[in-house]
Amino acid sequence: HHIQHIKIVGFDLIEKNMEYLKEGYIKYLISQRPDSQGYQGIKSLCNHIAFSAPIKEANFMPIDIIIAENIEFFYV
């Protein structure tokens with residue numbers, strides 16, 4: 001079957017995606033750490049309002065690539 005050669009990459013570390021990863025339907029999950037993104041956004045806004053700090057045009061953040069072998073380290 002040709003479908004066995006397809007690799008599926010999921011997006012975000014939600015419960016259903018984690019289940020599919022563990023069951024082998026999804027090979028990889030990419031998580032952009034939404035909690036960190038939210039924190040950095042609020043922090044930047046507060047610093048701008050309270051201290052007139054300039055707002056950066058871009059704020060690069062790491063992503064996590066999650067596979068079945070390392071999923072236990074990423075449980076929320």
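How would you order 23-29, 68-74 from highest to lowest mean count of nearby Cβ atoms within 10 Å? Display every interim value, and only then the final one.
Working: 23-29: 14.4, 68-74: 11.0.
Result, highest mean Cβ count within 10 Å first: 23-29, 68-74.
Would you tally the net charge around Gln40, using a Cβ to Cβ cut-off of less than 12 Å, leaving Gln40 out, and scoring K and R as +1, D and E as -1? Write down the numbers at each step before the final one.
Working: positive: Arg33, Lys43, Lys56; negative: Asp35.
Neighbourhood net charge equals +2.
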Q) How many nm is it between the label spots at Glu72 and Leu45, if each spot is 7 Å from the Cα in line with the beta carbon? A) 3.9 nm
Q. Which number do you get for Rg(Cα) / (2.2 N^0.38 Å) in the chain?
A. 1.51
Q | Assigned charges on the beta-carbon of Lys, Arg, Asp, Glu; the stretch 1-64 dipole about Cα centre (debye) | A | 120 debye
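Assuming R0 = 35 Å, what is the FRET efficiency of Ser52 and Asp12, from their Cβ-Cβ distance, to the nearest 0.05?
Working: r = 35 Å, r/R0 = 0.99.
E between Ser52 and Asp12, to the nearest 0.05, is 0.50.
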(Q) Before I look further, what does the chain give for accessible area per residue, probe 1.4 Å, in whole square angstrom? (A) 84 Å²
Q. How many nm is it between the label spots at Tyr20 and Ile65, if each spot is 7 Å from the Cα in line with the beta carbon?
A. 1.9 nm
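Highest mean first, how do 33-44, 50-61 rank when packing is the count of other Cβ atoms within 10 Å averaged over residues? The partial results should precede the final answer.
Details: 33-44: 11.7, 50-61: 8.2.
Top of the packing list down: 33-44, 50-61.
Just give me a number: lysine pairs in the chain, eight or more positions apart or cross-chain, with C-alpha atoms less than 21 Å apart.
Working: Lys7/Lys16; Lys7/Lys22; Lys7/Lys27; Lys16/Lys27; Lys43/Lys56.
Lysine pairs meeting both conditions in the chain amount to 5.
The values are calculated or read from the model by the stated rules, or taken from the named source; none is laboratory data. These numbers were taken from a predicted model, which means no experiment stands behind them. Ideal geometry is used to build each Cβ from the backbone, glycine not excepted, and the neighbour counts take in all protein chains shown. The area values use the complete protein model at the heavy-atom level, side chains included, leaving out ligands, DNA and RNA. Shrake-Rupley method; radii C 1.70, N 1.55, O 1.52, S 1.80 Å.
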